Structure formats: C-alpha cells, structure tokens
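K.L.:
My questions all concern the structure below.
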Amino acid sequence: MLSPTLRRRLFFSSLILVLVLGTIGHVTLNAWSILYGLMIGVFLTDSLPWDLARNAAGMLPRAVEAPDAKTSTYGHEYGLDHALLNIPPCETFWLNMGYWKNTRSFVEACKALAKLVIDAADVKDGSRVMDFGYGCGDQDVFFLECHPNITITGVTSEPKQALIAYSRIKARNLHKSITLYAGDAVNPSTWRHIPSHVSPPTDVLDPATYDAVISLDSCYHYSTRWQWLNQSASLLRLGGRISGTDLILGSGYDDAGYLTQFLLRAALYFTSAPWDNFVSEHAYRKRLQEAGFVGITVEDISEHVLPGLAGFIEQHRQNIGGVVDVDRKWRQYEGAAKLFRWLYRKKLVKFVLFSGTRS
C-alpha cells in the first residue's frame, strides 16, 4: 500500500510530466525526458525545500509594537495559551458528515444523520443489528438510546477507534448489548473481537442472522461496496432491512470536462474512496436490486450535508483556531471543506440516504 506522501508525490510528478511534455511537444519522448519530469515533480512536492524556506522566513526580524499601558513586550507573554487549560476532555467522538438542516452543532448534526439511518432501518424491540463503520462508538450508544432493546454487532477498520469505542461502551455498561470487531468490512476473515482479538464465532456470520444492516457514512470507502451489499444481503433474514448514507455520482459529472473528472477521481483516490464505487443513481439502484433488495429508496440529501459541514469547519477554525493552532491538523479539515463545497457546487457527487428490504 502506497503511503499518502508517496501518493501525492507520484500524482504531482505525473501532472508536471504531462505539462512539461505538452509544452515542449516537439521533443521526442524518451527515458531522459520522463526522468526529468519526475525529478521536477518530486522536488516540487517534497516538503524539505518548502520547510527550509518557511524556517528561513521565520528567522527574519518581526515588527514589535511599542510598549504602552495595554501591551508589554517585556518578559514572558502568556497570550491565549492558558485557554488550553479551560478545554474539557472530549465527551463525544462523533465523526460523520452530519445532517445540518436544523442545527449548527457538529454533535447534533451527527446525531441527526444517525437518526435518519436508524429510522430507515425500521428496527423493532429485539432486533439484531449489524453496524459497519461504528467509529468510536458514539452512533451505537445513540442507537441504543433510540432503541434500548436491540443488540448490535459492529465492525470498523480502525483498531485505535475500536479500543476507544469499547472502553466507552463498557464504562456505560453497554458491552452486553454491543459486540465490537475490528477488521475489513468486506473480509470477515480479518475481523477480530475487541478487546480479546479472537476471530468471531460462527453465529456472527451465519446467513439470515440479522434484522438490520446499517452503514453510517462509510460504505463508499469499502473495496468494494458491491461486495459489501452482497455480503449484507446474505447476513439479513428475509424481510430484514439495509440502510445507510452514501456517495454516488451527481448530475454534473457527465457534463464536466476531462480535467474536472480527473480531479474528482484524484480527490476520491486520496480520500480512500475506490472509483469503482461511484456510479449514477440509476446504476446504484440496479446494484441494490441485483444484491436482492426490494422497496429501494435513494434520497438525495446533499443540500443539508455538504455545504453545512463545510461551513461548520470554516467557522470552527475561526472560533478556536487561535487557541488550538496546529496547522497540520487543521489543514486536512480545511482542505475537506473546500472539497465539499467544490463537489456540491459542481454537482459531481450526491450524498444519499438509501434503504431497502431483503427479498
């Protein structure tokens, strides 16, 4: 598996190679021209030259305000550093795109999206639910708040998050209702129980075992989603429900130029969303039918998801960026906010709520 850094370098190297060769098209394509383009790309995408330039700039003299009654440059200045001492420990670890129709709170938006998914699953008292992509466990705790008499089996690919989820669920004495595994959603042979790390017993994977299968904002990452749909259909009893949120191609994709389509594919690649998962709504419905589902609904809720999350990230950065000013951490979310706005404005993808019944 290529590291994110190597992916970026290869990507920009390829771009620069194309630009160089396109600009000097009269030059014969040979090993030297390819090597030249790759070397330029690696140099420009390597962080070292830019880190050196930034450090050099940081050594330049800076303007200092003259001391007066309100400000002082003498001695140590605390600034706002002490604000960190006032930030309480996280009580929640929600992470989904949220449903922002009636809220500006990240936690409430995440809960609202989770509520849409669990409602679409139509669970009843005593239902056995399989949850793919449970994160740090907040959604499973929330699902039990909505339906106290269900049992949940969860799978996530993030071992660190799985351990946090287990500790929080055990602290709430919910570990008898929620069983957690870590592993690849579409490869049950990799599943390991948290915290014992043993393989799941056979009844976890027996056909027709579950009343509902849900995936909150994660199945577009599966490689591939279509394998997961077939697996989910096998796990569900007849009449069981599948529900989740997902990303599919939007109406603007076919009309987009080659460059825009290429940039979309690149963005999805860097966010670990396999291109094979991205199809039109018509093809998406057909895949659900082929997996054995009927009564299929696919609702576009992009309007209340993508711009809302982008706006929250931008505002949150302004609110606490001066206190928790870790550029590397913020950069990934600021980049995501720009990506969400671009995807929504160009209508390249749709964020959908889907559901169906096992036939």
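K.L.:
Residue by residue through segment 332-343, which ³J(HN,Hα) values in whole Hz follow from phi under the Karplus form 6.51 cos²θ - 1.76 cosθ + 1.60 (θ = phi - 60°), with glycine and proline marked x?
P.N.:
Couplings: 5, 7, 5, x, 5, 4, 5, 5, 4, 5, 5, 4 Hz.
K.L.:
In straight Cα distance, which lysines are under 23 Å from K347, not counting same-chain residues fewer than 8 positions off?
P.N.:
K101, K286, K338
K.L.:
Follow-up question, since we're still on this one. Whole-Hz Karplus ³J(HN,Hα) for segment 260-269, in order, using 6.51 cos²θ - 1.76 cosθ + 1.60 and θ = phi - 60°, x for Gly and Pro?
P.N.:
Per-residue couplings from phi come out as 4, 5, 5, 5, 5, 4, 5, 4, 5, 4 Hz.
K.L.:
I would also like to ask the following. Using θ = phi - 60° and the Karplus relation 6.51 cos²θ - 1.76 cosθ + 1.60, list the HN-Hα couplings for segment 103-110 in order, rounded to whole Hz, with x at every Gly or Pro.
P.N.:
Whole-Hz 3J(HN,Hα) from phi for segment 103-110: 8, 10, 8, 4, 4, 5, 5, 5.
K.L.:
What FRET efficiency, computed as 1/(1 + (r/R0)^6) with R0 = 25 Å and r the Cβ-Cβ distance, is obtained for E91 and S196, rounded to the nearest 0.05?
P.N.:
0.40
K.L.:
Rounded, prolate or oblate: pick one for segment 106-358, where a ≥ b ≥ c are the square roots of the eigenvalues of its C-alpha gyration tensor, a/c under 1.5 means rounded, and failing that, prolate if a/b is larger than b/c, else oblate. Let's see the in-between values first.
P.N.:
On the way: a/c = 1.77, a/b = 1.24, b/c = 1.43.
In terms of gyration-tensor shape, oblate.
K.L.:
Once you put a point 7 Å from the Cα of S223 and another 7 Å from the Cα of A283, both along the Cβ direction, what distance in nm separates them?
P.N.:
Distance between label points: 1.9 nm.
K.L.:
Report, by chain and number, residues whose modeled amide H sits under 5 Å from the one on V349, excluding near sequence neighbours (fewer than 5 apart, same chain).
P.N.:
Those lying under 5 Å, H to H, from V349 are G250.
K.L.:
Moving on to the next point. Quick query: amide H of T179 versus all other amide H atoms, modeled in the peptide plane; which residues come in under 5 Å with a sequence gap of 5 or more or a different chain?
P.N.:
Correct list: I152, T153, G154.
K.L.:
Report, by chain and number, residues whose modeled amide H sits under 5 Å from the one on D217, excluding near sequence neighbours (fewer than 5 apart, same chain).
P.N.:
Close amide H contacts, sequence-distant or interchain: T245.
Read-outs: derived from the displayed coordinates by stated rules, not from any lab. A quick note: this is a predicted structure, and the numbers were derived from the prediction, not measured. As a convention, Cβ positions derive from the backbone with ideal geometry for all residues, glycine included, and neighbour counts pool all protein chains shown.
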